[in-house]
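Undergrad: Got a structure for you, questions after.
The values are calculated or read from the model by the stated rules, or taken from the named source; none is laboratory data. Here the structure is a predicted model, which is why all the values come from computation and not from measurement. Reconstructed Cβ throughout: ideal geometry from the backbone, glycine too, with neighbour counts over all protein chains shown.
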Ligand SMILES: [Zn+2]
């Protein structure tokens, strides 16, 4: 039995919040486009289809994946998040390749820095090393 109203997916909720945060008076076209996007997503979910690629997702319209995405698009979204986090960490550590990371770690172990900073930075280096993309795994 479907419960009404159907709960918003995370993507829908964030677009609603974006809409609510926008104080301007929207043009008719913007309002229509926004409603059509929201409506299209709801229809896709009701049909049991991924809101991004249209593939049938595992789950039922009554129990869709929280973001309305199929497992492939969920993996893509996770990869994009992972890449974003990795980029931010590379910016903090200042090294990306396996060789650079090893050199940075070796130097860090010699430098007179507070233990807490050393531990945190070495953990960051290990996280970067362990999540090296396959293409840049070479030193
Ligand atoms: Zn998909």
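Undergrad: Can you spot a residue in the stretch 36-46 that is in contact with a strand residue (DSSP E or B) (Cβ under 7 Å, 6 or more places away or on another chain) and not assigned by TED's automatic domain parsing to the domain that holds residue 132?
TA: Restricting attention to the stretch 36-46, the residues satisfying the condition of being in contact with a strand residue (DSSP E or B) (Cβ under 7 Å, 6 or more places away or on another chain) are none.
The answer is no, given that none of the residues of the stretch 36-46 is in contact with a strand residue (DSSP E or B) (Cβ under 7 Å, 6 or more places away or on another chain) and not assigned by TED's automatic domain parsing to the domain that holds residue 132.
Undergrad: Can you report the number of residues in the stretch 21-47 which are modelled with pLDDT under 85 and part of a loop (DSSP other than H, G, I, E, B)?
TA: Residues in the stretch 21-47 being modelled with pLDDT under 85 and part of a loop (DSSP other than H, G, I, E, B): 6 in total.
Undergrad: Working carefully through the options 39, 34, find the one that is more than 18 Å from residue 77 (Cβ to Cβ), away from the ligand (no atom under 16 Å from the Cβ) and surrounded by 14 or more Cβ atoms within 10 Å (Cβ to Cβ).
TA: On the way: 39 fails: surrounded by 14 or more Cβ atoms within 10 Å (Cβ to Cβ).
Among 39, 34, only 34 is more than 18 Å from residue 77 (Cβ to Cβ), away from the ligand (no atom under 16 Å from the Cβ) and surrounded by 14 or more Cβ atoms within 10 Å (Cβ to Cβ).
Undergrad: When you scan the stretch 66-74, do you find a residue that is closer than 25 Å to residue 128 by Cα and without any contact (Cβ under 8 Å) to a residue 12 or more places away in the chain, even just one?
TA: Yes, the conditions are met somewhere in the stretch 66-74.
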